[in-house]
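The values are calculated or read from the model by the stated rules, or taken from the named source; none is laboratory data. Source: prediction; values computed, not measured. Here the Cβ positions follow ideal geometry from the backbone for every residue, glycine too, while neighbour counts run over all protein chains shown.
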Amino acid sequence: MPERDAPAALVRATLEGPAPAALLDEGLRIVCVNEPWKRFAESGGARADHPSWAVGASYLDAISSPLRAWYERALRGLLGSREAWHHDYDCSTPELERSFRLTAYPQTEPERGLLLVHTCRVERPHPHAGEPVEAYRDADGLVHVCMHCRRTQRLDHSGWDWVPSAVEARRASHGLCQPCSVHYFGVP
Ligand SMILES: [Zn+2]
């Protein structure tokens, strides 16, 4: 991959700051990431991003479908614009309720690209004591977890609940819950 010109001063300052940040080229490939980004991904925080810090790797390759198509459309639509874009998402762990904001700043100089920054919005001990995950396992022993909001589907399909231990359940299938599906794809 050919070397690019040094990022502009604002980009450089962001990459040297404390927030996880990455610079993408117009093909949505990684130009560089900072150390906080690597730590964030390694902690499982950026569930869609691991291990996407290799220079030249496609940022989209680390995002599972069906969210990948949504991210690709959103990010490609930003290239060449001058508007920053924000997307809030949940990335709770069994112990912590966490919410982050992904902000994408379109770049035009020296080349088109995007500067991505993750900002923590909420991080606190989870208010729920937590239901046992066993109550959510289907006949095959799987729990069904929404890959976006991390809620778990009830066995009778009557709704989705926050089940802390399901976030790290080994036997899980990942899809989208109905509210996330409606929000992202307009599919009820
Ligand atoms: Zn969801």
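Tabulated values for the structure
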read-out	value
Top-ranked residue in the stretch 116-149 [being of a type in the set (Lys, Arg) and in a strand (DSSP E or B); ranked as nearest to the ligand (Cβ to nearest atom)]	121
Options 141, 186, 130: the member that is over 30 Å from residue 20 (Cα atoms), modelled with pLDDT under 90 and not basic (Lys, Arg)	186
Flag for residue 120 being in contact with an Asp or Glu (Cβ under 9 Å, 6 or more places away or on another chain), among the hydrophobic types (A, V, I, L, M, F, W, C) and either surrounded by fewer than 19 Cβ atoms within 10 Å (Cβ to Cβ) or touching a residue at least 12 places away in the same chain (Cβ under 8 Å) (or both)	no
Residue match in the stretch 80-100 (condition: touching a strand residue (DSSP E or B) at 6+ places or on another chain (Cβ under 7 Å), within 16 Å of the ligand (Cβ to nearest atom) and either more than 30 Å from residue 16 (Cα to Cα) or outside the structural domain of residue 22 (by TED's automatic domain parsing) (or both))	no
Of all residues in the stretch 150-178 being more than 10 Å from the ligand (Cβ to nearest atom) and among the small types (Gly, Ala, Ser), the one that is farthest from residue 93 (Cα to Cα)	158
Top-ranked residue of the stretch 41-56 - restricted to ones that are over 10 Å from the mean Cα position of the chain (by Cα) and surrounded by 15 or more Cβ atoms within 10 Å (Cβ to Cβ), ranked as modelled with the lowest pLDDT	52
Complete set of residues in the stretch 135-161 that are free of Cβ contacts under 8 Å to residues at least 12 places away in the same chain and of a type in the set (S, T, N, Q)	158
The stretch 79-104, residues that are in contact (Cβ under 8 Å) with a residue 40 or more places away in the chain and over 17 Å from residue 149 (Cα atoms)	79
